[in-house]
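The values are calculated or read from the model by the stated rules, or taken from the named source; none is laboratory data. Keep in mind that this is a model prediction, so the values were computed, not measured. Reconstructed Cβ throughout: ideal geometry from the backbone, glycine too, with neighbour counts over all protein chains shown. Calculation scope for accessible area: heavy atoms of the full protein, side chains included, ligands and nucleic acids excluded. Shrake-Rupley method; radii C 1.70, N 1.55, O 1.52, S 1.80 Å.
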Amino acid sequence: SIASADMDLNQLEAFLTAQTKKQGGITSDQAAVIAKFWKNHRSNIHESLISQSRWDNVLKNMNWRVDLKAQLRHIDQINTPVAIVEMELGKNGQ
């Protein structure tokens, strides 16, 4: 919960206080250790979560166009727009 919300120190303190008051929750010593760990490693944990949630591929190029059909078997389909999209993906950093 702490990492997914990327809690600041005030949010962390409120969250840990609530956890210590819960039946079957954590002790105040455990809360102090968690708070110290979070203060020292917050940025590393956040970066790790972001890198795990990103796709490996990135959009390198995109082309698009809209075509109108000028001749078809059925008259009601003439001038119907059709969008064509081409996307080129590549590995992140390559």
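Whole number in Å², please: accessible area per residue of the chain, 1.4 Å probe, ligands, DNA and RNA not counted.
So the chain comes to 86 Å² accessible per residue, rounded to a whole number.
Going through the stretch 1-59, which trypsin sites (Lys or Arg not before Pro) have at most 11 other Cβ atoms within 10 Å and a DSSP loop state?
K22, R54
Answer with a single label: of (i) 35, 29, 21; (ii) 77, 35, 20; (iii) 39, 30, 20, which was calculated as Cα extents along the principal axes in Å from the structure in view?
Recomputing Cα extents along the principal axes in Å here picks out (ii).
Tell me the angle of helix 9-21 to the major Cα principal axis of the chain, expressed in degrees between 0 and 90 and rounded to the nearest ten.
The angle comes out near 60 degrees.
Given H placed 1.01 Å from N in the peptide plane, which residues other than close sequence neighbours of I26 have an amide H under 5 Å from its amide H?
The list, which skips near neighbours in sequence, is T20.
Multiply the residue gap between M87 and F37 by 0.36 nm, knock off their C-alpha separation, and tell me the result in nm, one decimal place. Kindly include the intermediate steps, with their values, before the conclusion.
On the way: separation 50, 0.36 × 50 = 18.00 nm, distance 4.25 nm.
Once the chain is fully extended between M87 and F37, it gains 13.7 nm.
So for the chain, averaging the separation of alpha carbon pairs under 8 Å that are six or more residues apart and normalising by length, what relative contact order in percent results? Provide the component values of the computation, followed by the final result.
Numbers: 76 pairs, mean separation 21.2, N = 94.
With pairs under 8 Å counted, the relative contact order is 23 percent.
Could you name the lysines in cross-link range of K39, using Cα to Cα under 29 Å and dropping any fewer than eight places away on the same chain?
K21, K22
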